[in-house]
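Accompanying notes for the structure given below.
The values are calculated or read from the model by the stated rules, or taken from the named source; none is laboratory data. If you're wondering where the values come from, they're calculated on a predicted model, not measured in any experiment. Note that each Cβ is placed from the backbone with ideal geometry, even for glycine, and that neighbours are counted across all protein chains shown. We work out accessible area using only protein heavy atoms, side chains counted, and drop any ligands, DNA or RNA first. Shrake-Rupley method; radii C 1.70, N 1.55, O 1.52, S 1.80 Å.
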Amino acid sequence: ERPKPLAGKRAVITSGPTHEAIDPVRYIANRSSGRQGHAIAAALAKLGADVTLVSGPVAIADPEGVSTVHVESARDMLAAVEAALPADIAVMVAAVSDWRATDSTVQKMKKKPGEAPLPLQLTENPDILKTIGHHAQRPHLVIGFAAETQDVATYAADKLTRKGADLIVANDVSKDGVMGGSRNQVMLVTQETTEVWPDMDKTHVADKLANWIAGRL
Ligand code: C5P
């Protein structure tokens with residue numbers, strides 16, 4: 001048996017997209033696969049942590065050795081994360097929809113021939129990372145992700161402060177196959193340091209991040 005550096009530590013992870021209902025059959029979503037978040041949950045569990053994974057709708061299996069809670073919307077995801085507190089570690093990997101439909105309808109919206117399309121009014125969703133980063137029960141280590149297509153380091157540093165995180169793992173989603181794919185190339189930004197990791201498999205990023213976390217606790 002290898003030593004388990006995270007034994008006795010509780011971790012809560014978000015992963016996947018959220019689905020925001022427009023009507024009973026339509027929703028707002030994004031291309032997140034849940035691969036990176038699920039891999040991080042599994043990697044932390046391997047190091048002995050007691051892990052709660054809060055997952056949006058994904059096509060991949062629940063990781064082994066992890067307690068998985070399935071949710072659809074951002075508001076449900078936030079409630080599930082808060083229910084998992086207190087925790088020592090929070091890693092917010094989910095690609096949460098920034099907006100939801102202001103009024104989702106109970107009946108399916110109907111297209112009426114000859115009429116203009118119905119307008120879709122949007123309301124901002126809660127920011128889960130920011131809420132947890134400033135929470136009364138704030139975990140000791142709060143980690144966020146930043147999917148950017150430009151000025152990755154600048155936006156990551158800004159996000160770190162604004163969201164009350166200890167670490168932002170930034171990736172450039174303009175690179176082919178990162179969003180929804182199996183590989184990732186990340187930059188780790190803290191208040192003191194910036195570290196660039198080479199392109200690698202998402203499971204390898206997860207293992208390295210779990211070790212980074214173990215070194216910080
Ligand atoms: O602001 P932005 O969406 O770029 O921030 C990304 C980070 O914030 C990720 O860690 C993501 O999981 C988290 N986030 C969140 N709730 C939101 C939006 C983003 O937890 N509503």
When the stretch 129-148 is checked residue by residue, the ones that are open to solvent by 10 Å² or more (accessible area, probe 1.4 Å) and within 11 Å of the ligand (Cβ to nearest atom) are Leu129, Lys130, Thr131, Phe145, Ala147, Glu148
I'd like to check something: does the stretch 107-123 contain any residue that is within 16 Å of the ligand (Cβ to nearest atom) and open to solvent by 100 Å² or more (accessible area, probe 1.4 Å)? no
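Listed here are the residues, each with its yes/no results for (1) under 15 Å from the mean Cα position of the chain (by Cα); (2) at pLDDT below 95.
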| position | (1), (2) |
| --- | --- |
| Val106 | no, yes |
| Leu118 | no, yes |
| Leu122 | no, no |
| Asp127 | yes, no |
| Gln185 | no, yes |
| Thr203 | no, no |
| Asp207 | no, no |
Among residues of the stretch 58-85 being out of contact with any strand residue (DSSP E or B) (no Cβ under 7 Å at 6 or more places or on another chain) and not hydrophobic (A, V, I, L, M, F, W, C), the residue nearest to Arg2 (Cα to Cα) is Gly65
With the first residue restricted to the stretch 120-132 and required to be farther than 18 Å from Glu72 by Cβ, and the second required to be open to solvent by 90 Å² or more (accessible area, probe 1.4 Å), Cβ contacts under 9 Å at 6 or more apart or on different chains are Gln121/Asp103; Lys130/Arg162
Within the stretch 6-37, the residues that are open to solvent by 10 Å² or more (accessible area, probe 1.4 Å) and within 18 Å of Asp76 (Cβ to Cβ) are His19, Ala21, Ile22, Pro24, Arg26, Tyr27, Ile28, Ala29, Asn30, Ser32
Condition set in contact (Cβ under 8 Å) with a residue 60 or more places away in the chain and open to solvent by less than 60 Å² (accessible area, probe 1.4 Å), scope the stretch 50-90, selection nearest to Glu124 (Cα to Cα): answer is Met77
Filtering the stretch 149-167 down to residues that are over 19 Å from Asp88 (Cβ atoms), within 10 Å of the ligand (Cβ to nearest atom) and open to solvent by less than 30 Å² (accessible area, probe 1.4 Å) yields Ala156
